[in-house]
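I have placed the structure first, in the form of structure tokens, so that the comments after it can refer back to it.
What follows is calculated from the coordinates using simple rules that are stated; it is not laboratory data. Just so it is clear, the structure is predicted and the values come from calculations on it, not from any experiment. FYI the Cβ positions are ideal-geometry reconstructions off the backbone, even for glycines, and counts take in every protein chain you see.
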Amino acid sequence: MSTTPASAFPAGVKPFAERAHPRTICMFDVDGTLSLARQQATPEMIAALKALREKTAIAFVGGSDLSKIVEQLSTGGNDVLNSFDYGFAENGLTAYKLGQKLQSASFIQHVGEEEYKKLANFILRYLSEVDIPIKRGTFIEFRNGMINVSPIGRNASTQERNDYEVYDKQHGIRAAFVKVLQEKFAHLNLTYSIGGQISFDVFPHGWDKTYALGRLEGEGFDEIHFFGDKTYKGGNDYEIYNDPRTIGHAVNNPDDTLKILHELFLSK
Ligand code: M1P
């Protein structure tokens, strides 16, 4: 049985025990799975998630920080944190259940100020010498559970992002930088994950999306479906997709996600 009592659910939200699949949860990556990269989810996707929530528990599990995820899933004024049973930002380092914030761990506490300072200084020095067609601003974004590093900078516009992604595929800028960091900072036991178009995430080993799975232990689910587009080795969905606790669904885009949801749950 579900370990979440009916009294914990806000008005209008069906308790897990009353849903068609009471012990099943569907977890979704955001970029490329629920929406196109850094864009808003379509009204059709939001409607499908609402219908799915009648049948299974639902969760998002994004690499981005919460503000970006909320921006992407708030289509039509959708109240994001109350529209999912669980919300996992930064791979689950920032987590919500039924709209309530859960306890979280922190990157800086784990790594320590001194070591982080050396890492940040090295990154900024390295990036100052990388020659790419254009540079914008915010080359390191400091988050709760990770840092995000971008050679072009996080202020790039949508067009600049798209152009950088193509350039990076041809020149391997991020892959080469990750290799250097892996060697130079091996003692910090960090994982480097290229999850999006212009950047990579840096976090302690094990703080990938499987961290969010740990949050579900003891919650009463015996079937955990995960949907993601970066399920290949090096992608930020790889670990959770291959984890024995999940049934993984690799998608190419949000339309694929909708198709699988209809086949598995919505058309039944
Ligand atoms: O959700 C995938 C990634 O989305 C963004 O990546 P980028 O800006 O490179 O497209 C970032 O928020 C990143 O942290 C996240 O993993």
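Tell me the Rg and the Dmax, in Å, that the Cα atoms of the stretch 17-87 produce.
Cα only, the stretch 17-87: 11.6, 34 Å (Rg, Dmax).
Convert each backbone phi in the stretch 244-255 into a coupling constant with the Karplus relation 6.51 cos²θ - 1.76 cosθ + 1.60 (shift: θ = phi - 60°), then list the ³J(HN,Hα) values in order as whole Hz, x for Gly and Pro.
x, 7, 10, 9, x, 10, 8, 10, 9, 5, x, 4
What shape does the chain take by its C-alpha gyration tensor, where a ≥ b ≥ c are the square roots of the eigenvalues and a/c under 1.5 counts as rounded, a/b above b/c as prolate, and the rest as oblate?
Values: a/c = 2.10, a/b = 1.64, b/c = 1.28.
Since a/c reaches 1.5 and a/b is larger than b/c, the shape of the chain is classed as prolate.
What's the magnitude of the charge dipole for the chain around its Cα centre, counting Lys and Arg as +1 and Asp and Glu as -1 at the beta-carbon? Answer in Debye, nearest 20.
180
Give me the number: length gained by fully extending His205 to Glu54, i.e. 0.36 nm times residue separation minus the C-alpha to C-alpha distance, one decimal in nm.
50.8 nm
For a quick protection proxy, order the peptides 126-137, 218-229, 80-91, 45-56 by their average other-Cβ count within 10 Å, most packed first.
Averaged packing, sorted descending, gives the order 80-91, 218-229, 45-56, 126-137.
If you bin every alpha carbon distance in the stretch 119-228 into 10 Å steps from zero, what whole percent lands in each bin?
Using 10 Å bins, I get a P(r) of 12, 42, 28, 13, 4, 0 for the stretch 119-228.
Taking the convex hull of the alpha carbon atoms in the stretch 1-135, what volume per residue do you get, in Å³?
Dividing the Cα hull volume of the stretch 1-135 by its residues yields 135 Å³.
Helix-only mean residue ellipticity at 222 nm, the chain, DSSP H runs n ≥ 4 weighted -39,500 (n - 2.57), per residue, nearest 500. What is it?
Mean residue ellipticity at 222 nm (helix-derived): -9500 deg cm²/dmol.
Would you mind ranking Leu216, Leu34, Leu190 so that the residue whose beta carbon has the fewest other beta carbons within 10 Å leads the list?
Least to most surrounded, the residues fall as Leu216, Leu190, Leu34.
Any idea how far the Cα center of the stretch 36-66 sits from the one of the stretch 202-254, in Å?
With the stretch 36-66 and the stretch 202-254 each reduced to a Cα centre, they are spaced 15 Å.
Go ahead and run the numbers for FRET between Leu266 and Ala176, Cβ-Cβ distance against an R0 of 51 Å, rounding to 0.05. Could the numbers behind the result be given before it?
Numbers: r = 43 Å, r/R0 = 0.85.
Using R0 = 51 Å, I get an efficiency of 0.75.
At R0 = 41 Å, how high is the FRET efficiency between Tyr232 and Ala6 if r is their beta carbon distance? Nearest 0.05 is fine.
Working: r = 41 Å, r/R0 = 0.99.
Once the sixth-power term is evaluated, E becomes 0.50.
Round to the nearest 0.05 the FRET efficiency obtained for Ala120 and Gln100 when R0 = 51 Å and r is the Cβ-Cβ distance.
Calculated transfer efficiency: 0.95.
What's the ranking of 203-210, 98-105 by average number of surrounding C-beta atoms within 10 Å, highest first? Before the final figure, lay out each step's value.
Details: 203-210: 19.8, 98-105: 12.6.
With the highest mean Cβ count within 10 Å placed first, the list reads 203-210, 98-105.
In the chain, what percentage of the DSSP-assigned beta bridges are antiparallel, given to the nearest 5? Write down the numbers at each step before the final one.
Values: 16 of 34 bridges.
Taking every DSSP beta bridge within the chain, about 45 percent pair in antiparallel fashion.
Can you pull a Stokes-Einstein diffusion coefficient for the stretch 52-123 at 4 °C (1.567 mPa s), Rh from Kirkwood over Cα pairs, as a whole number of µm²/s? If you can, show how the numbers build up before the last one.
Working: Rh = 13.8 Å.
Answer, rounded: 94 µm²/s.
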